[in-house]
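Visitor: Quick one: the structure is below, and I'll ask about it shortly.
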Amino acid sequence: MRYVDWLKGFLGSEVEVTVSGDIVVGTLIDFDESTLSLKIPPTIHGPPTDTATIPLQSVEFIRIVSS
């Protein structure tokens with residue numbers, strides 16, 4: 001099983017995504033064969049959107065935060 005198939009069961013769940021040198025925390029809202037999309041809290045000096053799009057090739061680890 002590919003892990004993108006496994007992620008289907010976790011849409012809407014809070015996740016922590018580790019990329020090189022950073023951790024992005026948010027709610028998994030969408031994914032496809034090449035990217036993950038997370039709803040993230042707004043940042044003070046960041047972009048005006050609340051969506052982070054992360055290329056799958058940059059992902060090192062995905063942790064599903066239990067509720």
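The values are calculated or read from the model by the stated rules, or taken from the named source; none is laboratory data. Only a predicted model underlies this, so the values are computations on that prediction, with no experimental measurement involved. So basically every Cβ, Gly included, is an ideal-geometry build from the backbone, and we count neighbours across all protein chains shown. Just so you know, the surface numbers come from the protein's heavy atoms only, side chains and all, with ligands and any DNA or RNA stripped out. Shrake-Rupley method; radii C 1.70, N 1.55, O 1.52, S 1.80 Å.
Visitor: Within the chain, what whole-number % of the accessible surface is contributed by carbon and sulfur, with the 1.4 Å probe and all protein chains included in the calculation?
Guide: Heavy-atom surface of the chain belonging to carbon and sulfur, 1.4 Å probe: 55 percent.
Visitor: Follow-up question, since we're still on this one. Give, as a single signed number, the net charge of other residues whose beta carbon lies under 14 Å from the beta carbon of Val4, with Lys and Arg counted +1 and Asp and Glu -1.
Guide: In short, -2.
Visitor: Arrange the peptides 25-32, 37-44 so that the one whose residues have, on average, the most other Cβ atoms within 10 Å appears first.
Guide: 25-32, 37-44
Visitor: List, in order, the whole-Hz ³J(HN,Hα) value for each residue of the stretch 23-28 obtained from phi through the Karplus relation with A = 6.51, B = -1.76, C = 1.60 and θ = phi - 60°; use x for Gly and Pro.
Guide: 10, 10, 10, x, 9, 5
Visitor: Please report the net charge: other residues with Cβ closer than 9 Å to the Cβ of Thr27, K and R +1, D and E -1.
Guide: Net of charged neighbours comes to 0.
Visitor: Please tell me the relative contact order of the chain in percent, rounded to the nearest whole number, where contacts are Cα pairs under 8 Å and at least six residues apart.
Guide: 34
Visitor: With +1 on each Lys and Arg Cβ and -1 on each Asp and Glu Cβ, and nothing else charged, work out how big the dipole of the chain is about its Cα centre, in Debye to the nearest 20.
Guide: Around 100 debye, computed over the chain.
Visitor: For percent of Cα pairs over 19 Å apart, the listed values are (i) 32; (ii) 45; (iii) 26; which was obtained by calculation from the structure presented?
Guide: Correct label, based on the coordinates given: (iii).
Visitor: So what J values fall out for the stretch 31-44 if you push phi through Karplus, 6.51 cos²θ - 1.76 cosθ + 1.60 with θ = phi - 60°, rounded to Hz, Gly and Pro as x?
Guide: 7, 9, 5, 10, 9, 10, 10, 10, 8, 10, x, x, 10, 5
Visitor: Moving to a separate point now. As a check on your grasp of the helix formula, calculate [θ] at 222 nm for the chain: sum -39500 (n - 2.57) over DSSP H runs of n ≥ 4, divide by the residue count, round to the nearest 500.
Guide: Here the helix-only value at 222 nm equals -1500 deg cm²/dmol.
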